[in-house]
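> Before I ask anything, let me first share the structure, which is written out below as structure tokens.
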């Protein structure tokens, strides 16, 4: 279904269509939160064979700081390196635009995400206990464990 990396491109997205919104909600099921940061941020979509396969959102949080608010890859496309491609593109793009620090956060049960972000150079900065309990109406489960805590990571330009 998916091609080699030559047919893949990451582009800035101006209009969020239904398939892209489905990807955003895959990474963050809270529709109201997604809408808030999509309105204020910059969305980048990964296309393969003219379909959305992945995305990320960059949101400026300070004069020299940006946060990657959402990273998602279609479930049937995971394991093909698209997630790493998206994160590395976000890092390169952010530093080339003059940001000095990039933040990202994920759930404490997201072992694949934590591995990927650290592989790309992010370091753990803090844990916000009970974040998902307090900010989401429905409990979220990953790997059979209720997601409660948010892990914040950061990478800085040297």
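> How would the chain be classified by its alpha-carbon gyration tensor: rounded, prolate or oblate, with rounded meaning a/c under 1.5 and the a/b versus b/c comparison settling the rest?
rounded
> According to a simple spin-label model (label point 7 Å from Cα along Cα-to-Cβ), what is the distance in nm between residue 97 and residue 14?
1.7 nm
> Let me ask something additional. Taking other Cβ within 10 Å of each residue's Cβ, how do 94, 156 sort, fewest first?
With the sparsest Cβ surroundings first, the list reads 156, 94.
> Okay, moving on. Given only helices, namely DSSP H runs of n ≥ 4 each adding -39500 (n - 2.57), what is the per-residue ellipticity at 222 nm of the chain, to the nearest 500 deg cm²/dmol?
Calculated at 222 nm, the ellipticity per residue is -9000 deg cm²/dmol.
> Let me ask something additional. Neighbour counts of other C-beta atoms within 10 Å: give me 148, 119 arranged from fewest to most.
Ordered from fewest to most neighbouring Cβ atoms within 10 Å, 148, 119 come out as 119, 148.
> Given labels modelled 7 Å from the Cα in the Cβ direction, how far is it in nm from residue 125 to residue 149?
Between residue 125 and residue 149, the label points sit 1.8 nm apart.
> Post the alpha-carbon centroid distance, region 34-52 to region 54-85, in whole angstrom.
Value for the Cα centre distance between the two parts: 9 Å.
> Let me ask you something else. Hey, in the GNM for the chain with a 10 angstrom Cα cutoff, which one of 38, 16, 66 fluctuates hardest?
Evaluated over the chain, the most mobile residue of the options is 16.
> Could you order peptides 137-147, 74-84 by the average number of other Cβ atoms within 10 Å of their residues, highest first?
Descending mean neighbour count gives 74-84, 137-147.
> How many nm is it between the label spots at residue 36 and residue 135, if each spot is 7 Å from the Cα in line with the beta carbon?
If labels sit at residue 36 and residue 135, their model points lie 0.8 nm apart.
> I've got another one for you. For a test of the definition: using alpha carbon positions, the gyration tensor, and the 1.5 limit on a/c, classify region 22-91 as rounded, prolate or oblate.
Oblate shape, in that a/c is at least 1.5 and b/c is the bigger or equal ratio.
Laboratory data are not the source of any read-out in this text; all were calculated from the coordinates shown. Values in this document were obtained by computation on a predicted structure and should not be read as measured data. Glycine gets a Cβ as well: all are built from the backbone with ideal geometry, and neighbour counts include every protein chain shown.
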